[in-house]
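The values are calculated or read from the model by the stated rules, or taken from the named source; none is laboratory data. These figures come from a predicted structure and were not determined experimentally. Don't worry about glycine lacking a Cβ; one is built from the backbone with ideal geometry, like all the others, and counts go over all protein chains shown. The area values use the complete protein model at the heavy-atom level, side chains included, leaving out ligands, DNA and RNA. Shrake-Rupley method; radii C 1.70, N 1.55, O 1.52, S 1.80 Å.
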Amino acid sequence: MQDRQAEWTRLLRAANGGDAEAYKAFLHAVTPVLRGVVRARSAGLPPDDCEDVVQEVLLAIHLKRHTWRQDEPAAPWCYAIARHKVVDAFRKRGRRVHVPVDDFAEILPAAPVADPTERNDIERVIDHLEPRAAQLVRAIGLEGQSIAETGDMLDMSEGAVRVMLHRSLKKLAALRERLIEI
């Protein structure tokens, strides 16, 4: 470990002094170690993302090597960059978790199938509304039309469509409450 730190420090010091061969040797020496550090710290990231983080670490080392204090060992400086880049990768990813579906394909439940009687039930409840309100609720709720499209179809302003939709949904909610009591 001490030999590694001394070697990295010597190589980076020479590289910052303009020695291209020392810089090449430094990168060849640090890359496998940093790859291991990134993989160990980024459990849960897919392998491709880990490799992207390694590349970001190497790029950061390249762009910021002039900021490394030459009287300090190079290894802790490199490890700190790797640690920060792993944290950045988790921040970018957010709360998403990558799990290959192939491992679970046989045990995953099938996609839910719509109840074939559900549409008829909905239609019967909507039929309790006045005809124009029922047409409006069907257009927006069942057919997926926008407020503007429904307004054009019924020759109503968008504001009037919103008001009628709100009132119709309120009536449907009250009707549902009565049906639940029965």
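Taking the listed residues R91, R4, R10, the one that is within 33 Å of the chain's Cα centre (by Cα), open to solvent by 50 Å² or more (accessible area, probe 1.4 Å) and not aliphatic (A, V, I, L, M) is R91, with no other qualifying.
Given the structure, is L59 touching a helix residue (DSSP H, G or I) at 6+ places or on another chain (Cβ under 6 Å), closer than 30 Å to E7 by Cβ and surrounded by 12 or more Cβ atoms within 10 Å (Cβ to Cβ)? Spell out the reasoning first.
On the way: touching a helix residue (DSSP H, G or I) at 6+ places or on another chain (Cβ under 6 Å): no; closer than 30 Å to E7 by Cβ: yes; surrounded by 12 or more Cβ atoms within 10 Å (Cβ to Cβ): yes.
When the stated conditions are applied, L59 does not pass them.
Considering only residues in region 27-46 that are under 23 Å from Q70 (Cα atoms) and without any contact (Cβ under 8 Å) to a residue 24 or more places away in the chain, the one that is most open to solvent (accessible area, probe 1.4 Å) turns out to be H28. Contact map, region 1-24: first residue modelled with pLDDT under 90, second residue open to solvent by less than 70 Å² (accessible area, probe 1.4 Å) and of a type outside the set (A, V, I, L, M, F, W, C), Cβ cut-off under 7 Å, separation 6 or more or different chains; pairs are Q5/P73.
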